[in-house]
1. Tally time: how many residues in region A:154-196 are assigned to a helix (DSSP H, G or I) and over 21 Å from A:PHE25 (Cα atoms)?
2. Could you list, in sequence order, all residues of region A:96-113 that are of a type outside the set (A, V, I, L, M, F, W, C) and closer than 19 Å to B:SER139 by Cα?
3. Just one of the numbered conditions (1) within 7 Å of chain A (Cβ to nearest Cβ); (2) buried (at least 20 other Cβ atoms within 10 Å of the Cβ); (3) of a type outside the set (Lys, Arg) is not true of B:GLY194; which one?
4. Which of the residues that make up region A:58-105 are of a type in the set (Ser, Thr, Tyr) and under 22 Å from A:PHE202 (Cα atoms)?
5. For the condition modelled with pLDDT under 90, surrounded by 21 or more Cβ atoms within 10 Å (Cβ to Cβ), in a helix (DSSP H, G or I) and among the aliphatic types (A, V, I, L, M), what is the one hit in A:LEU229, A:LEU252?
6. Of the residues in region B:146-164, how many are over 16 Å from B:LEU224 (Cβ atoms) and touching a Gly at 6+ places or on another chain (Cβ under 9 Å)?
7. Sort out which residues of region B:33-62 are in contact (Cβ under 8 Å) with a residue 40 or more places away in the chain and either surrounded by fewer than 16 Cβ atoms within 10 Å (Cβ to Cβ) or farther than 13 Å from B:VAL94 by Cα (or both), and write them in order of number.
Amino acid sequence: MSAIGQYVLNGLMQGTIYGLVAMGFTIFFGVMNVIKFSHGDVMTFGAFGALVAATAAAAAGLPTSVQILAAVSTAVGLAALLGAGISRLLILPLRSAPPLNLLLMTMMVGTVIREAIRLFFPNGTNSQRFPALLPPGGATVGGVFVRYDGLILIVAGLLLIALVHHIINRTRFGLAMRAVAEDQETARTMGVNFFRVVPLTFALGSATAGFAGVISGLYYSEINYGMGLLIAVIGFSAAIVGGLGNLWGAILGGYLFAGLQTAVVAALPAFSEYKNVVAFVAVIALITWRPTGLLAERASERV
Amino acid sequence: MLMRHRSTQDEVPRDALPMAAGVRARRTSDFAVFAAVVAACAGAVAFLVHAEDQRLVLSTLVACGIAWFAAARFRVIAAVERGAAGHPWPTRLVLVVACLGILVVLREDNFGLLMLATVLIYATVCLGLTIQLGYAGLSNFCAAAFLGCGGYTAAALGQAEGIAIPDLAGILLGGAVAVAIGSLLVLPLLRTRGHYAALTTLAFGVMFNVFLDANEMLGGPQGLKLAPITLFGWDFSNDLSLFGMTFSFYANYVLLCLALTAAALALVGLLDRSWIGIRLDAVRLDEVAAQVFGLRIARWKILAFTLGNVLAGMAGAIYAKMTGFIAPNNFTLGDSLMMVSIVILGGIGNRWGVLPAALIVVLLPEKLQFIQEYRLLLFAVLVILVLVLSPSGLLPRRTRTLVAGRQA
């Protein structure tokens, strides 16, 4: 029982991270019809920013709560800036290029970020220890050991998902964003400032990725320059499985992917190295079954 | 529907199209331009591969870049294309002579020959990608995985005791295994489109790598060792002696790779000129319209995917045999991206663009030692610049004209 509970908690943690990243993919696709593959590396960038901020705050002798605040705000801010910059400088000018070119371009932007971290961060080739800022220990609830930090992070992640949902559906900016997603030209003729809304959208999506980076660092107490690549592929898979452009689909996809990984580890411990193989096979099978995702928007072919 | 064709004259019987003397003279001069450009390129390649001095390499590269811009500006490239199209057989002869010339100049340069063979391996895979991406419009972000299928097939055959399979059969088997493993992806690829299809191949590429890393039978992260090729009784680890000259044993591999690349170029060219190429273009440009005109989308997509994978698998088997060692690290997502970059850099759908692009992408990091550490960074920046500044690549594909006698 306790073992199963442990697996469930781990899966939820992973799923929250994947869901937050997948949410970015789906937002970008919904608004601009692009896949921004550098998304995972934007997350890494945020996590490294958080590491620097937390270390600096600790060196200045500030209390832990301030350290956490510094880490989170730096990660979110840096990721948002980077995401907005990429969209303004590279994605907007190329928006009429073939999708393949854009996909390749964002993959290369990701490579640039990844390599820049590896080369220019002190000792960047090796994994970096992320300071433990959250209260240690945990409590046993019904035979399941619950880590406090894990619980806090899952709740924080869910709160962020709710916040993004609120921004998209309840604010003026969200309305502008949805208008651009629905029909770019009409939105522009109705006075939506396209060149402001798009970078802001990318900032919003990237900010969630930056937060995911902090979560990942705090929970696994380790970050490295290459972690964004696999997360990007997984986040992309999650967004695709859920159905691109659908916020809940992305979150569903994220938890589904984490659930599959955890199920493999729990059911077949000897094959735990193959957990990603199994999960990706499942993803490919799922999109073969539902070629536009589980929660697909209904669309007919325009001829 | 706009389509391209390099030359229309060859389809029409010569005597059916009376040619003015002036046109014929222009064609001959075009061919002379073509031969001169090929000779210059061969010289530059041989020099670049052999040169050691960093400043010399860099200045040659800058000179090549300027020459390229000038050639594009003053329509030399167009003249070269016309010249080559007007004289198909002399063109092939000139290319073969140029390749042999490079080989003779570099005959004792082990590392240079190894690099040349690697360029040719990449070019072959990218020709396969040209069929998939450029003609049929199938996204394939796991070309390195199919290269790996071929490589691991060759390695596994070498490991198997008691079974002696000739290396030629091993290379062909490498292609077959790549097709067999690729066939797992056929159904997902046929059902999905656009980004969904891109993800299928992306996920497969990552999965392939994770699988190799975890699989102890295939050597895990440490990889496998391979013996050199023996073809028709000739051991490829021996130096070649021809016409009183000694060639490094890597020349064997260069010749083999050259044969494979030439075969791939011929195959892609034949496809392009045939009705199959026209159908593939139709499938890429508008699936719905193609379907309306009675084309079976599935058939043409499967054909393109299979042909591309055969080329990748065979190239992979030779590559593994040549380097004598393979590991999962040789077949990562990064390598797949590099191959897609070569195709786009060369000009998507133009088979000749693949060669200079593969040369640049493979050679540049090896020759400029001072960028060794930064090579991935600079490579990524270079690809971004190309995508922003010149999205159609070095040699953009021309529009096909299906009416005889009219040049595009």
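The values are calculated or read from the model by the stated rules, or taken from the named source; none is laboratory data. What you are looking at is a predicted structure, and each value in this text was computed from that prediction instead of being measured. Here the Cβ positions follow ideal geometry from the backbone for every residue, glycine too, while neighbour counts run over all protein chains shown.
1. Here is the first cut: in region A:154-196, the residues assigned to a helix (DSSP H, G or I) are A:154-170, A:172-182, A:184-189, A:194-196.
Narrowing the set further to residues that are over 21 Å from A:PHE25 (Cα atoms) leaves A:155, A:172, A:185-189.
Number satisfying all stated conditions: 7.
2. Narrowing region A:96-113 to residues of a type outside the set (A, V, I, L, M, F, W, C): A:96, A:98-99, A:101, A:106, A:110-111.
Scanning region A:96-113 gives A:SER96, A:PRO98, A:PRO99, A:ASN101, A:THR106.
3. Against the list (1) within 7 Å of chain A (Cβ to nearest Cβ); (2) buried (at least 20 other Cβ atoms within 10 Å of the Cβ); (3) of a type outside the set (Lys, Arg), B:GLY194 comes up short only on (2).
4. To start, the set of residues in region A:58-105 that are of a type in the set (Ser, Thr, Tyr) comprises A:64-65, A:73-74, A:87, A:96.
Of everything in region A:58-105, those that are of a type in the set (Ser, Thr, Tyr) and under 22 Å from A:PHE202 (Cα atoms) turn out to be A:SER73, A:THR74, A:SER87, A:SER96.
5. Details: A:LEU252 fails: modelled with pLDDT under 90.
Exactly one residue qualifies, and that residue is A:LEU229.
6. Count: 1.
7. Initially, region B:33-62 is screened for residues in contact (Cβ under 8 Å) with a residue 40 or more places away in the chain, giving B:33-35, B:37-39, B:41-42, B:45-46, B:48-51, B:54, B:57-58, B:61.
Matches in region B:33-62: B:ALA39, B:VAL45, B:ALA46, B:LEU48, B:VAL49, B:HIS50, B:ALA51, B:GLN54, B:VAL57, B:LEU58, B:LEU61.
This table checks each residue for (1) within 11 Å of chain A (Cβ to nearest Cβ); (2) farther than 27 Å from B:LEU255 by Cβ; (3) not acidic (Asp, Glu).
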| residue | (1), (2), (3) |
| --- | --- |
| B:ASP109 | no, no, no |
| B:ALA136 | no, yes, yes |
| B:GLY174 | no, no, yes |
| B:LEU190 | yes, yes, yes |
